[in-house]
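Everything on this sheet refers to the single structure shown next.
The values are calculated or read from the model by the stated rules, or taken from the named source; none is laboratory data. Quick caveat: nothing in here was measured; it's all calculated off a predicted structure. As a convention, Cβ positions derive from the backbone with ideal geometry for all residues, glycine included, and neighbour counts pool all protein chains shown.
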Amino acid sequence: MSRVRSKHWPVKLVSTVMLIVAASTTAFAAPATDPATAAARLNLIDRQRMLADMMAKGLCFIDLRVAKKLHRNQMSVAQYVFHSTLENLKAGNPGLDLPAEQNPELIETIEQIKLEWVKYAEPLNSWTGGRWGKKQFALKVYEVDEDYTKQLTEAIEHYRKVLVAEGSVKENAAKTILAAGRQRTLTQQIAKEFCQALSGYKPEETPGRLKEAVATFKDVTDKFAKGDKDVGLEGEQPGIVVDTIAETRGLLAGIEPIIDKAASGTKPPQEELDLVASSTLQLLRQWEKITSTYVLLSKD
């Protein structure tokens, strides 16, 4: 797969993505069996779901003519980070203090994701390779994205089982990291399905999936705020988590009426489309912060 030239990326966008990468890799100085390292690995593999949805979302927003330049660059950066994360998880990266993977089961899992990635990258690259706006390539990406998301979910669950079984990460810590990571993914899934509902993609399914994604996001947000055992927590949570959750609630409240319009088949005005695009990216940053907090707390 060819790498996108970094000179075309806006500095702010690159800084945002690299901040996400750095936050997810700060615990890698320890050996592979160290709990903090295992939790960080779990976080990295889970983040791939979000990146896949970010790519499909970006493509859809471009077709909808919403912040086209921004979303082109988001797609390029997400594609690069997705590919490099798989390479780093398997072979290690001295610059990130990330050792090579030693567990044969997890190496096989990474290889399978890489193999399936080719199926995702092929229509994506066809669409971006001078064929902007060609609907058939966009539809193919959406279809492959649905299958790939399921495969990634299965791979992440396998990762969790292996790490918990070998004692590298505690069951509740893994549950919390993956629940927070799922929220991170839902920010991009909601944006993607919001856009797809407006573009007419699978009209008999997409509006319902959009409503379900929003409902799940709100429900899990409430569980984190309460320190619910369903997300591996117990009792009051750190101030940074509580404050960040309050911010995410405000962001979602600001765009939920717009999302409801899309789910009901009404296209919002341009300024509201732009607001959903920017707010879901802010929600992603907030849940990335929460997820990274629990990765660091897993060391205790």
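Within the range 210-218, does at least one residue satisfy the condition of being in contact (Cβ under 8 Å) with a residue 60 or more places away in the chain, more than 30 Å from Ile107 (Cβ to Cβ) and not charged (D, E, K, R)?
There is no residue in the range 210-218 that is in contact (Cβ under 8 Å) with a residue 60 or more places away in the chain, more than 30 Å from Ile107 (Cβ to Cβ) and not charged (D, E, K, R).
From the list Asp222, Asp228, Asp260, Asp274, pick out the single residue that is farther than 18 Å from Thr187 by Cα, at pLDDT 95 or above and among the charged types (D, E, K, R).
The conditions single out Asp228.
Considering only residues that are farther than 19 Å from Leu139 by Cβ and touching a residue at least 60 places away in the same chain (Cβ under 8 Å), which ones fall in the range 52-69?
Ala67, the sole residue that qualifies.
What are the pairs, 6+ residues apart or on separate chains, where a residue within the range 102-126 that is outside any helix (DSSP H, G or I) has its Cβ under 7 Å from a residue that is among the β-branched types (Val, Ile, Thr)?
If the second residue must be among the β-branched types (Val, Ile, Thr), the pairs left are Asn103/Val162.
Scan (1) outside any loop (DSSP other than H, G, I, E, B); (2) touching a Gly at 6+ places or on another chain (Cβ under 6 Å) for the single condition Gly181 breaks and write down its number.
(2)
Working only within the range 40-80, note down all residues that are under 12 Å from Leu178 (Cα atoms) and modelled with pLDDT under 90.
Ala40, the sole residue that qualifies.
I'd like the residue in the range 153-170 that is closer than 29 Å to Leu252 by Cβ and in contact (Cβ under 8 Å) with a residue 40 or more places away in the chain and, out of all such residues, is surrounded by the most Cβ atoms within 10 Å (Cβ to Cβ).
Out of the qualifying residues, it is Tyr159.
Among the residues of the range 231-250, which ones are in a helix (DSSP H, G or I) and either in contact (Cβ under 8 Å) with a residue 40 or more places away in the chain or not charged (D, E, K, R) (or both)?
Val231, Gly239, Ile240, Val241, Val242, Thr244, Ile245, Ala246, Thr248, Gly250
Tally up the residues in the range 279-300 that are part of a loop (DSSP other than H, G, I, E, B) and either among the aliphatic types (A, V, I, L, M) or surrounded by fewer than 18 Cβ atoms within 10 Å (Cβ to Cβ) (or both), please.
Of the residues in the range 279-300, 2 are part of a loop (DSSP other than H, G, I, E, B) and either among the aliphatic types (A, V, I, L, M) or surrounded by fewer than 18 Cβ atoms within 10 Å (Cβ to Cβ) (or both).
Results for (1) buried (at least 19 other Cβ atoms within 10 Å of the Cβ); (2) within 17 Å of Leu210 (Cα to Cα), shown as yes or no for each residue.
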residue: Thr248; (1), (2): yes, no
residue: Ala262; (1), (2): yes, yes
residue: Glu271; (1), (2): no, no
residue: Asp274; (1), (2): no, no
residue: Ala277; (1), (2): yes, yes
